[in-house]
């Protein structure tokens with residue numbers, strides 16, 4: 001059974017889960033390259049992508065609970081918003097680190113974060129938003 005979608009706690013869970021997605025991506029990427037997993041290092045890596053997601057997501061209503069009515073609709077919304085936010089995050093990262101976007105990094109980032117976001121958002125939809133009859 002779905003919860004009442006106007007409850008602030010539900011939106012908080014959604015945004016907190018999104019933050020965890022970006023932190024997991026950062027940890028995963030840093031670990032796969034043998035880089036430090038210190039808290040500040042992980043946050044620094046996640047920062048441009050998380051900021052882009054939060055800003056673009058707010059502008060495109062990624063955090064409105066009434067827009068995710070179906071599983072397919074959830075995937076569609078996340079995909080569209082992530083394409084815009086992901087490119088913005090890559091651009092912000094390039095500005096912060098002082099070098100151009102590396103195509104292989106961009107592809108891995110866009111796909112990996114998309115998979116994590118879709119998995120999280122579908123789980124959220126299933127537990128909090130889906131109608132009881134689905």
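The values are calculated or read from the model by the stated rules, or taken from the named source; none is laboratory data. For clarity, every value in this text was computed on a predicted model and none was experimentally measured. Glycine gets a Cβ as well: all are built from the backbone with ideal geometry, and neighbour counts include every protein chain shown.
Structural remarks
- Residue count for region 52-62 satisfying the condition of being part of a helix (DSSP H, G or I) and surrounded by fewer than 17 Cβ atoms within 10 Å (Cβ to Cβ): 3.
- Screening residue 104 against (1) modelled with pLDDT under 95; (2) surrounded by fewer than 12 Cβ atoms within 10 Å (Cβ to Cβ) leaves a single unmet condition, (1).
- Check on residue 89, within 25 Å of residue 48 (Cβ to Cβ), at pLDDT 95 or above and buried (at least 17 other Cβ atoms within 10 Å of the Cβ): yes
- Selected residue (criterion: surrounded by the most Cβ atoms within 10 Å (Cβ to Cβ)) from residues of region 63-75 that are under 17 Å from residue 114 (Cβ atoms) and touching a residue at least 24 places away in the same chain (Cβ under 8 Å): 68
Here's the yes/no breakdown for (1) more than 16 Å from the chain's Cα centre (by Cα); (2) part of a loop (DSSP other than H, G, I, E, B); (3) at positive phi; (4) free of Cβ contacts under 8 Å to residues at least 24 places away in the same chain:
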{"site": "21", "(1), (2), (3), (4)": "no, no, no, no"}
{"site": "24", "(1), (2), (3), (4)": "no, no, no, no"}
{"site": "37", "(1), (2), (3), (4)": "yes, yes, no, yes"}
{"site": "41", "(1), (2), (3), (4)": "yes, no, no, yes"}
{"site": "104", "(1), (2), (3), (4)": "yes, no, no, yes"}
{"site": "111", "(1), (2), (3), (4)": "no, no, no, yes"}
{"site": "114", "(1), (2), (3), (4)": "no, no, no, no"}
